[in-house]
């Protein structure tokens, strides 16, 4: 690579890195936790093999079998980053930054491969690097597969532009195994290979173009005649169309058989429905095209940012969506007509094609999820937008006008991108911002409540704990206040909102109110292990209160009810550790010591660093008179968890027991 070409690629890459540099200190947020930081599967080297035989979200939880996503290279990348970065989010954020820089450089490289002058190609790369729609994609760790897919899609199209057929197919194979967004680019590449006419013999540029070229400096603007009328003349003379078609077909076949193995179905997961929006066929079509219209509008004006945009329901929403959908459909048909008519023009062929090919996945309403409009879905289409926008600016009659137009695009986009990215630094900032920007989205309220409850549980100061619990209670109440007749709400979100409300009441010591909420949950959702766990905990607390009041028979009776609820929770989810701990405690309380000892021993053996399991096993061993075994239990815990925050308390208990043993009089001989 020449020094000039290298510097051309370096400029947009460095601008992209500098603009998003603040994301380096971000934490794991939202899906990052379930997907990476709390997912044992993603934290083992074995995920490299498992990701190729397991659907993407089933790597997190086998119960997520409804998702049709298959991203083995995306999952593999996340697993490798966990190992190389020792579980630190900084490693992921650095990789996201480098990927974004590489994508910006690839836009420039693609423009150069299309025959653009260096100055224009750099302009396209810079516009992509700073585009305002990229905040979520670059700042959110879970969006790394999106960046991967985009990078390899751009490399594939560059290879196609240079007629490197095998590389084109190989790069698209990698892209499609990174994320499904690449499927639209595969269709584009196949259409280009099939429909593009054979290139004409290279002809000299018109005089006007030559004059513009001589006037150009490193950032000079190339006029209309070069980009829009003569770019096809810059093509190489040889073009093996059939080799490209075979290469692309082989990539698609490989993806199909890998998906077939993972989903164990001839449909290869494409038939799975991600979310039921309860819309009829006409409404789904209008939704798809209205999303295209909204995405195009956001590319032009990427503001305001918000992480969750709920689907609006009702007759008024249907009417609005219908008209926006008509606009989106007209724009799509117009773009298709221009693309077919101007397919000899390489900028139209690749730039306009990439813009709309990246939006093709939104036509599949089965896989849109709870929030159909997601800013990260624009990362790939924005590359086509950057190419088309800069090419249109080059048609202006004066170079100064063109550069002024580019600045008008770059400056507000850079401000938008930087402003949006800063909210992804921590969960508290993200969800507080989400609640403010869109109060009718349940997710922001639910996740903020979950975060407040987690902090309250770890808080030792009673007043602070009570304050955090109140914050959580308020958040869950606001989530349940969202009207499901006006905004689309999933059954999972409603269940989470009710369970969170019950948890907040329980932590606030309102066991009666919490029990009423949990009972409402299990009555409505027959399969709700967390609901049964909450109900069991409330019954157990009531039983203990009866015992403290001296009503021992009533206490045993209510504890037996709690035990049944613990059993139901474990039947529905055998891996629910909290339910196993509660069941063991309940057995202990009603005097079934041997049964409790067996369960406690098993829990402590599985995780000797868990203080609750160690304390329960210790208490049972003391109750059964096995003091030496109890001491050894705590010693083993201290050995396995040397940095536990309550280590000093446990060590003090061990030392006290040993002093008691040493001071006790010797037993008389038998």
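Before we move on, is residue 309 under 24 Å from residue 437 (Cβ atoms) and assigned to a helix (DSSP H, G or I)?
No: the conditions fail for residue 309.
Report, by residue number, each residue of segment 432-447 that is within 19 Å of residue 26 (Cα to Cα) and touching a residue at least 40 places away in the same chain (Cβ under 8 Å).
Result: 433, 434, 444, 447.
Determine which single condition residue 622 fails, assuming it passes every other condition in (1) in contact (Cβ under 8 Å) with a residue 12 or more places away in the chain; (2) part of a helix (DSSP H, G or I); (3) under 23 Å from residue 582 (Cα atoms).
All conditions pass for residue 622, except number (1).
If you scan segment 566-582, which residues turn out to be buried (at least 23 other Cβ atoms within 10 Å of the Cβ) and more than 18 Å from residue 614 (Cα to Cα)?
566, 569
Please go through segment 34-47 and give me each residue that is free of Cβ contacts under 8 Å to residues at least 40 places away in the same chain and part of a helix (DSSP H, G or I), ordered by number.
Selection gives 34, 40, 41, 47.
Mind checking which helices (runs of 4 or more DSSP H) fall wholly inside segment 373-485 and carry at least 1 residues that are within 26 Å of residue 179 (Cβ to Cβ)?
The helices (runs of 4 or more DSSP H) meeting that bar are 381-393, 399-421, 427-437, 442-457.
Only one residue in 5, 24 is modelled with pLDDT under 95 and closer than 17 Å to residue 84 by Cα. Which one?
Residue meeting the stated conditions: 24.
Given the conditions (1) buried (at least 18 other Cβ atoms within 10 Å of the Cβ); (2) assigned by TED's automatic domain parsing to the domain that holds residue 659, and given that residue 648 satisfies all but one, which numbered condition is not satisfied?
Of everything listed in (1) buried (at least 18 other Cβ atoms within 10 Å of the Cβ); (2) assigned by TED's automatic domain parsing to the domain that holds residue 659, residue 648 misses just condition (1).
Take the residues in segment 350-372 that are at pLDDT below 95 and outside any loop (DSSP other than H, G, I, E, B); name whichever of them is nearest to residue 305 (Cα to Cα).
In this case the residue turns out to be 362.
Taking segment 304-316, which residues are modelled with pLDDT of 90 or more and out of contact with any strand residue (DSSP E or B) (no Cβ under 8 Å at 6 or more places or on another chain)?
Of everything in segment 304-316, those that are modelled with pLDDT of 90 or more and out of contact with any strand residue (DSSP E or B) (no Cβ under 8 Å at 6 or more places or on another chain) turn out to be 304, 305, 306, 307, 308, 309.
Please work out which one of (1) without any contact (Cβ under 8 Å) to a residue 40 or more places away in the chain; (2) within 30 Å of residue 521 (Cα to Cα); (3) surrounded by 14 or more Cβ atoms within 10 Å (Cβ to Cβ) is the condition residue 585 fails and give its number.
Here residue 585 clears every test but (1).
Kindly establish whether residue 50 is assigned to a helix (DSSP H, G or I) and touching a helix residue (DSSP H, G or I) at 6+ places or on another chain (Cβ under 8 Å).
yes
Got at least one residue in segment 597-616 being touching a residue at least 24 places away in the same chain (Cβ under 8 Å), farther than 24 Å from residue 498 by Cβ and surrounded by 24 or more Cβ atoms within 10 Å (Cβ to Cβ)?
Yes, there is a match, as at least one residue in segment 597-616 is touching a residue at least 24 places away in the same chain (Cβ under 8 Å), farther than 24 Å from residue 498 by Cβ and surrounded by 24 or more Cβ atoms within 10 Å (Cβ to Cβ).
Select from segment 270-306 the residues that are over 25 Å from residue 485 (Cβ atoms) and assigned to a loop (DSSP other than H, G, I, E, B) and list them in ascending order.
Selection gives 270, 271, 272, 301, 302, 303, 304, 305.
Could you list, in sequence order, the residues of segment 554-604 that are in the same structural domain as residue 640 (by TED's automatic domain parsing) and under 34 Å from the mean Cα position of the chain (by Cα)?
Listed by number, the residues that qualify are 603, 604.
Is there a residue being outside the structural domain of residue 60 (by TED's automatic domain parsing), surrounded by fewer than 17 Cβ atoms within 10 Å (Cβ to Cβ) and at positive phi anywhere in segment 623-636?
Yes, segment 623-636 contains at least one residue that is outside the structural domain of residue 60 (by TED's automatic domain parsing), surrounded by fewer than 17 Cβ atoms within 10 Å (Cβ to Cβ) and at positive phi.
So which of 353, 405 is crowded, with 19+ Cβ neighbours inside 10 Å and over 30 Å from residue 26 (Cα atoms)?
353
Okay, residues lined up against (1) within 18 Å of residue 33 (Cα to Cα); (2) buried (at least 19 other Cβ atoms within 10 Å of the Cβ); (3) assigned by TED's automatic domain parsing to the domain that holds residue 612:
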| position | (1), (2), (3) |
| --- | --- |
| 374 | no, yes, no |
| 393 | no, yes, no |
| 412 | no, no, no |
| 416 | no, yes, no |
| 430 | yes, yes, no |
| 443 | yes, yes, no |
| 450 | yes, yes, no |
| 453 | yes, yes, no |
| 464 | no, no, no |
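The values are calculated or read from the model by the stated rules, or taken from the named source; none is laboratory data. Keep in mind that this is a model prediction, so the values were computed, not measured. Because the Cβ atoms are built from the backbone with ideal geometry, glycine has one as well, and the counts that use them run over all protein chains shown.
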